1. Mind checking which residues of the range 128-153 are part of a strand (DSSP E or B), touching a residue at least 24 places away in the same chain (Cβ under 8 Å), within 14 Å of the chain's Cα centre (by Cα) and more than 21 Å from residue 61 (Cα to Cα)?
2. Can you confirm whether the range 80-89 contains a residue that is at pLDDT 95 or above, under 17 Å from residue 57 (Cα atoms) and surrounded by fewer than 16 Cβ atoms within 10 Å (Cβ to Cβ)?
3. For the range 113-127, enumerate the residues that are part of a loop (DSSP other than H, G, I, E, B) and either touching a strand residue (DSSP E or B) at 6+ places or on another chain (Cβ under 9 Å) or surrounded by 17 or more Cβ atoms within 10 Å (Cβ to Cβ) (or both).
4. Restricting to the range 33-47, and then to whatever is assigned to a loop (DSSP other than H, G, I, E, B) and surrounded by 15 or more Cβ atoms within 10 Å (Cβ to Cβ), can you tell me which residue is modelled with the highest pLDDT?
5. So which residues in the range 36-59 are over 15 Å from the mean Cα position of the chain (by Cα) and either closer than 28 Å to residue 6 by Cβ or without any contact (Cβ under 8 Å) to a residue 24 or more places away in the chain (or both), if there are any at all?
6. Residues being surrounded by fewer than 20 Cβ atoms within 10 Å (Cβ to Cβ) and closer than 25 Å to residue 141 by Cβ: count how many of those fall in the range 48-61.
7. Does any residue of the range 102-112 turn out to be closer than 28 Å to residue 25 by Cβ and in a strand (DSSP E or B)?
8. Which one of these does residue 155 not meet: (1) closer than 16 Å to residue 89 by Cβ; (2) buried (at least 21 other Cβ atoms within 10 Å of the Cβ)?
């Protein structure tokens, strides 16, 4: 009941509705059916997108209208997408398996002792054209991944990336220019 008091009945009902939709969405076994279901819920999904078994959460907040996928995007199995704020994947973006995109941070209820030090916030995540996000990567709120960026498996992106760079690590850092293979210092 604490959650209902904190977010109100309107968001609670939206939570119930989005949970029901997500249960139906999980029955869509083929990528074209998943794309169509997301469009029905207000997401913008470009042509020729392949969406494998993907999990969404916080759909009761901004919801699917905040999800934008450009043409020819690929989202691998077991990706986790936070719909508290916008997620924009431009054309030809690839999310490998188990990529997590977070658009919010919140330590708990309003009376949680850490709220004063880590206040809740939301910020969109944007992945520009042609970027590749490797397996088990986590992208934190407010990050923009530059065009043509290659993010190595297992990385944690905490800040924006330059276009056409190879980034890796926890936290991720730029290693080299993708096109010229020139190391970055």
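The values are calculated or read from the model by the stated rules, or taken from the named source; none is laboratory data. Keep in mind it's a predicted model, so treat the numbers as computed, not measured. Because the Cβ atoms are built from the backbone with ideal geometry, glycine has one as well, and the counts that use them run over all protein chains shown.
1. 132, 133
2. Scanning the range 80-89, I find at least one residue that is at pLDDT 95 or above, under 17 Å from residue 57 (Cα atoms) and surrounded by fewer than 16 Cβ atoms within 10 Å (Cβ to Cβ), so the answer is yes.
3. 118, 119, 120, 123, 124
4. Ranking the candidates gives 46 first.
5. Of everything in the range 36-59, those that are over 15 Å from the mean Cα position of the chain (by Cα) and either closer than 28 Å to residue 6 by Cβ or without any contact (Cβ under 8 Å) to a residue 24 or more places away in the chain (or both) turn out to be 36, 37, 39, 40, 41, 42.
6. Going through the range 48-61 one residue at a time, the tally reaches 7.
7. yes
8. (1)
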